[in-house]
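First comes the structure, then the notes that go with it.
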Amino acid sequence: MSVAVSSKLNKTVREQYLKLPQEGKVLVTYVWIDGTGEGLRCKTKTMNYEPKTLKEITEWNFDGSSTDQAEGSNSDMFLIPVRVFRDPFILDPNKLVLCEVLKYNRKPAETNLRHTCKEAMDQAKDTHPWFGLEQEYSLLGIDGHPYGWPQNGFPGPQGPYYCGIGADKAFGRDIVEAHYKACLYSGVMISGTNAEVMPSQWEFQVGPCEGIEMGDHLWIARYILHRICEDFGVVATFDPKPITGNWNGAGCHANFSTEDMRNEGGLKHIEEAIEKLSKRHPYHICMYDPKGGVDNSRRLTGQHETSSIHDFSAGIANRGASIRIPRQVGQDHCGYFEDRRPSANCDPYAVTEALVRTCILNETGNEPKSCSK
């Protein structure tokens, strides 16, 4: 199995240095989304005290020409702290801080989708929108071959791997459990995990989160996953179809509700929201992957528990539909619905913003600015 050379370094030696006192100083690691809209970057600075609130963490900057976010002749970009988490790698009192990125003129960078998402969430705050995202991912060796798969062949067909147990069915559980505990320690609102249909594919769930919290918590959960995979010497990919052929793709199903949907008789409001979504399918397909639907076209084929990218559908307990109403929700006549269209590499800010704009703010039309480039 191809693993990163750095994972073979002596971790016991590393622990010797991590135990050294910090003399009252605190390490704050700034995390941000780069110019791809999918990758994450980070860098760390020393503070002379432990920040207790977001306001105590100062703005910073970085070289945007090295992250595909600026030209070298005008490369400084601003890092604006937006949410603080505990650092599960070097432990308390050290922090992780998620940041928005602003350009030299203090306007949002092109891949800073949090800015407009926050505007939409603020407009919809009285409806108390809740989200839960189901983040699927696949583990790969650094050679791009799925972790645990035969080097010159394929594992047995899909069937025994979903929620599977055993060394011949579950590949990489150490990583999954380390990620779960690290998220809990950091304050990420992680709510579950399971092995997925394709071998070496896993899922974790984050939520319920209200409003802008959803995107913040999922991005930091992704950061923590990448860092843990770094320690183990493997790669986590959010590619929506990492392996062609008769293998499931990877999505980021979005569970969504408002206070009205959660209250008695809320099924009526769920059905009204689904009707609005049915009239705006192209808009949502564009917003649900960072390439405007191109990535998702490899996954949303109508096979492997997906709907067709070209058609909108909805149904109770139907995992082949665009929108699934859970059976329990149908029985209780209230709750939430699941939008199964977002790709695994989606930007959660774009997904949650789109749901709010269509279902709560009653916006119409199928051409967001990001789709018309």
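Using a cut-off of 15 Å between beta-carbons, work out the net charge of the residues near ASN345 (Lys and Arg +1, Asp and Glu -1, ASN345 not included). Don't skip to the end; give the middle numbers.
On the way: positive: ARG222, LYS241, LYS291, ARG298, ARG299, ARG341; negative: ASP34, GLU38, GLU134, GLU136, GLU203, ASP239, ASP289, ASP295, ASP347.
Its environment carries a net charge of -3.
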Check your understanding: For the range 1-54, which GluC sites (Glu not before Pro) are in a loop by DSSP, counting at most 13 other Cβ atoms within 10 Å?
Key -> GLU23
Exercise for review: Please get the size of the charge dipole for the chain, origin at its Cα centre, with Cβ charges of +1 on Lys and Arg and -1 on Asp and Glu, quoted in debye to the nearest 20.
Suggested key: 440
Review point. In what sequence, highest mean first, do 274-283, 124-133 appear when ranked by Cβ atoms within 10 angstrom?
Key: 124-133, 274-283
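Given R₀ = 30 Å, what would the calculated FRET efficiency be for LYS107 paired with GLU210, taking r from the Cβ atoms and rounding to 0.05? Intermediate results must be reported in sequence, preceding the final value.
Details: r = 27 Å, r/R0 = 0.90.
That pair, LYS107 with GLU210, gives E of 0.65.
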Point to revise | Sum of -39500 (n - 2.57) over DSSP H runs of 4+, divided by residues of the chain (222 nm, nearest 500) | key: -7500 deg cm²/dmol
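So for the chain: antiparallel DSSP bridges make up what percent, rounded to the nearest 5?
Numbers: 51 of 58 bridges.
Close to 90 percent.
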Practice item. Return the ratio Rg/(2.2 N^0.38 Å) for the chain, where Rg is computed over Cα atoms only. Key: 1.00
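Quick check for you: with a 1.4 Å probe and neighbouring chains kept, what is the accessible area per residue of the range 32-74, in Å²?
Details: 2570 Å² over 43 residues.
Value for the range 32-74: 60 Å² per residue.
At 0.36 nm per residue, and after removing the present C-alpha to C-alpha distance, how many nm does the segment from LYS45 to LYS181 gain when stretched out fully? Walk me through the numbers before you get to the answer.
Values: separation 136, 0.36 × 136 = 48.96 nm, distance 2.50 nm.
Difference between extended and current length: 46.5 nm.
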Practice item. Excluding GLY266 itself, calculate the net charge of residues whose Cβ lies under 9 Å from the Cβ of GLY266, where each Lys or Arg counts +1 and each Asp or Glu counts -1. Key: -2
Check your understanding: How much of the accessible area of the chain, probe 1.4 Å, is carbon plus sulfur, in whole percent?
Key -> 51
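Over the range 271-373, with the other protein chains present, what is the accessible area per residue in square angstrom, probe 1.4 angstrom? Intermediate results must be reported in sequence, preceding the final value.
Values: 4450 Å² over 103 residues.
It amounts to 43 Å² per residue over the range 271-373.
Efficiency by 1/(1 + (r/R0)^6): what FRET value for TYR17 and HIS226, r their Cβ-Cβ distance, R0 = 25 Å, to the nearest 0.05?
Numbers: r = 22 Å, r/R0 = 0.89.
Efficiency computed from Cβ-Cβ geometry: 0.65.
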Check your understanding: Between ARG173 and GLN158, what is the label-to-label distance in nm when each label sits 7 Å out along the Cα-to-Cβ direction?
Key -> 2.2
Review point. Mind checking which helices in the chain clear 18 Å along their axis (Cα) and have mean Kyte-Doolittle hydropathy of -0.5 or more, DSSP H runs only?
Key: 173-186, 213-232
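Please report the orientation-averaged projected area of the range 62-175, defined via the convex hull of its C-alpha atoms, in nm².
Mean orientational projected area (the range 62-175, Cα hull): 12.6 nm².
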Revision key, fill the gap. With the label point 7 Å along the Cα-to-beta-carbon line of GLU264 and a cut-off under 16 Å to each amide N, the hits in the range 316-347 are 332-335
Point to revise | Residue (of GLY187, GLY153, SER200) at the positive-pole extreme of the range 138-221, dipole from beta-carbon charges | key: GLY153
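The values are calculated or read from the model by the stated rules, or taken from the named source; none is laboratory data. Since the model is a prediction, treat every value here as computed from it, not as a measurement. So basically every Cβ, Gly included, is an ideal-geometry build from the backbone, and we count neighbours across all protein chains shown. The protein model used for the area step is the full one, side chains on, heavy atoms only, and it has no ligands, DNA or RNA in it. Shrake-Rupley method; radii C 1.70, N 1.55, O 1.52, S 1.80 Å.
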